[in-house]
Amino acid sequence: MRGRITRGIRRAVAATAALGLVAVMAACGSDDDKATGSSGTVTAEGTDDGSELTLWTRAPLELQAKALVDAYNKSHKNQVKLTIVPNDDYVAKVGAAAGSGNLPDLFAADIVYVPNWTKAGLFSDMTERIGLLPYADKINQGHIKAGTYEDAKYVLPFVLDLSVIFYNKALYKEAGLDPEKGPTTLDEFKEQALAIQKLGKKDTYGTYFGGNCGGCGVFTWFPMVWASGEEVMDAEGTKSLLDGPAAQKVYSTWRDLQAAGAIAPGSKDETGATWVAAFQEGKVGVMPYPATLLPTASKTVDVGVVPIPGATAGEGSTFIGGDGIGISKDSKKNDQAWNFLAWLTSEAAQVDVLAAGNSTVARTDLADNQYSAKDPRVVTVNKVAASPQSKTPFAINFQQAFNAPGSPWVTLFRNQVYGEAGSLANDNAAITGVLGQ
């Protein structure tokens, strides 16, 4: 997720073409491509017999992927060979491999691509295997849902990335705000950002956002709608609901901040490449932020963390992003590949590898662990991930509607902050038009 947000998608046309190729080639495959496993018997643990497995992932997840693979290889007979692919090349590489029948045994995917690739038949059915896990209902259900097609489950969480509110405690103290109390409503968010702005510090602003970055917007603004008790799309992901009262409250909040000069000027043209830089430099008071960057931001800023708020006080929300992972349609080692995935969901992987490395766990029953307990901010992140208002949105055409440069979503929120606010109905209809294609 983070790579998608911080870099954007620079090759939207190529990605769309690759996805089209994937759909065509996958449709040509036979049912044999989705064999349930080489052993003929499905077990909760899978097979650990010394097989070599191949795994692909995107470069933004290199740190977590290497840690997981190293830990698995040290403790199992099976050995996983990891390939790290540049973020901008990943969609095309997967598309080409799917078309030629050369996908690796396992591959991860940005969660917003998962519905499309699942529908295209790139993953093997893991419904029965997932059901055998004694903690199946504790695994992040947003990722499970994104990887479900026609009631079959194809994907498990690989690495989670969550959005939360970061605020600068030092600036809060200077502004006379309580450094231990971040915003719990959108009005408080606006008030606190304005208080920072009133300090009049050179090159320092109340807040910042990716004003020309669709991925940044969905990652940080969708939770504001969810935290207000509303949805951003219908359940099928074919109709946009981004013209409702909660969404309008989000837009007016940011429009008011812009009118007051409290949004850093660089926000307007921010495509995601430098989205988090100003906060890390101590130049921003409060803003929605990727939780995975807490260790990095804390090196330069005394960071406070709270869930993303809505119109009224409540649990808050987060966009549960990151990558899902599944067994490819081309793998001939399904049982062995499942052994890796079953281990991935275990406490040994979730706590001793991911939590130990300051990454969010993908099981709600492991949110409080020996590593998160050392930092209450990490506990906050883990708990908001389990909130019923925290979600992973589902839409087959998510990329085209929201993430692509110049998408109708980008047009909508730019108009709401910088342009014609009266265009909301037409802009929302344009998103629906793309979602329903």
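Condition check ((1) over 21 Å from Ile165 (Cβ atoms); (2) under 21 Å from the mean Cα position of the chain (by Cα); (3) outside the structural domain of Val410 (by TED's automatic domain parsing); (4) hydrophobic (A, V, I, L, M, F, W, C)) across all residues:
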{"residue": "Tyr251", "(1), (2), (3), (4)": "no, no, no, no"}
{"residue": "Ala260", "(1), (2), (3), (4)": "no, no, no, yes"}
{"residue": "Thr271", "(1), (2), (3), (4)": "yes, yes, no, no"}
{"residue": "Val276", "(1), (2), (3), (4)": "no, yes, no, yes"}
Original post:
Of everything in region 277-307 that's aliphatic (A, V, I, L, M) and touching a Pro at 6+ places or on another chain (Cβ under 9 Å), which residue is surrounded by the most Cβ atoms within 10 Å (Cβ to Cβ)?
Top reply: Val286
Original post:
Counting just the residues of region 314-360 that are in a loop (DSSP other than H, G, I, E, B) and of a type in the set (Ser, Thr, Tyr), which one comes out nearest to the chain's Cα centre (by Cα)?
Top reply: Thr318
**OP:** For residues that are surrounded by fewer than 21 Cβ atoms within 10 Å (Cβ to Cβ) and among the hydrophobic types (A, V, I, L, M, F, W, C), scanning just region 199-239, find the one that is nearest to Phe402 (Cα to Cα).
**Re:** Ala235
Original post:
Filtering region 196-223 down to residues that are assigned to a helix (DSSP H, G or I) and in contact with a helix residue (DSSP H, G or I) (Cβ under 8 Å, 6 or more places away or on another chain), which residue is modelled with the lowest pLDDT?
Top reply: Gly215
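Here is a yes/no grid of residues against (1) modelled with pLDDT of 90 or more; (2) under 28 Å from Ala313 (Cα atoms); (3) part of a helix (DSSP H, G or I):
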site	(1), (2), (3)
Asp368	no, yes, no
Trp409	yes, yes, yes
Asn426	yes, no, yes
Val434	yes, no, yes
**OP:** May I ask you to list the residues in region 295-309 that are more than 22 Å from Gln64 (Cβ to Cβ) and either in a loop (DSSP other than H, G, I, E, B) or under 19 Å from the mean Cα position of the chain (by Cα) (or both)?
**Re:** Thr300, Val301, Asp302, Val306, Pro307, Ile308, Pro309
**OP:** Give the residue, chosen from Gln389, Gln399, Gln336, that is touching a helix residue (DSSP H, G or I) at 6+ places or on another chain (Cβ under 7 Å), surrounded by 24 or more Cβ atoms within 10 Å (Cβ to Cβ) and either not aliphatic (A, V, I, L, M) or not assigned by TED's automatic domain parsing to the domain that holds Ser298 (or both).
**Re:** Gln399
**OP:** Considering each residue of region 304-315, count those that are out of contact with any Lys or Arg (no Cβ under 7 Å at 6 or more places or on another chain) and under 15 Å from Val378 (Cα atoms), and give that number.
**Re:** 3
Subject >> Residues of region 311-333 satisfying the condition of being surrounded by fewer than 21 Cβ atoms within 10 Å (Cβ to Cβ) and at pLDDT 95 or above >> reply: Ala311, Asp330, Lys332
Subject >> Which listed residue is more than 23 Å from Leu186 (Cβ to Cβ) and assigned to a helix (DSSP H, G or I), from Thr292, Thr274 >> reply: Thr292
Subject >> First in region 31-60 and at positive phi, second anywhere and at pLDDT 95 or above, Cβ under 6 Å, 6 or more apart >> reply: Gly37/Asn334; Gly37/Asp335; Gly46/Asp335; Gly46/Trp338; Gly46/Asn339; Gly46/Ala342; Gly50/Lys77
Original post:
Is at least one residue of region 336-352 among the aliphatic types (A, V, I, L, M) and free of Cβ contacts under 8 Å to residues at least 24 places away in the same chain?
Top reply: yes
Subject >> Listing of helices (runs of 4 or more DSSP H) fully contained in region 43-132 that carry 2 or more residues being assigned by TED's automatic domain parsing to the domain that holds Ala337, under 20 Å from the mean Cα position of the chain (by Cα) and not small (Gly, Ala, Ser) >> reply: 62-75, 90-100, 114-119
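The values are calculated or read from the model by the stated rules, or taken from the named source; none is laboratory data. Remember, predicted model here, so these are calculated numbers, not experimental data. Cβ atoms come from the backbone with ideal geometry, glycine included; neighbour counts cover every protein chain shown.
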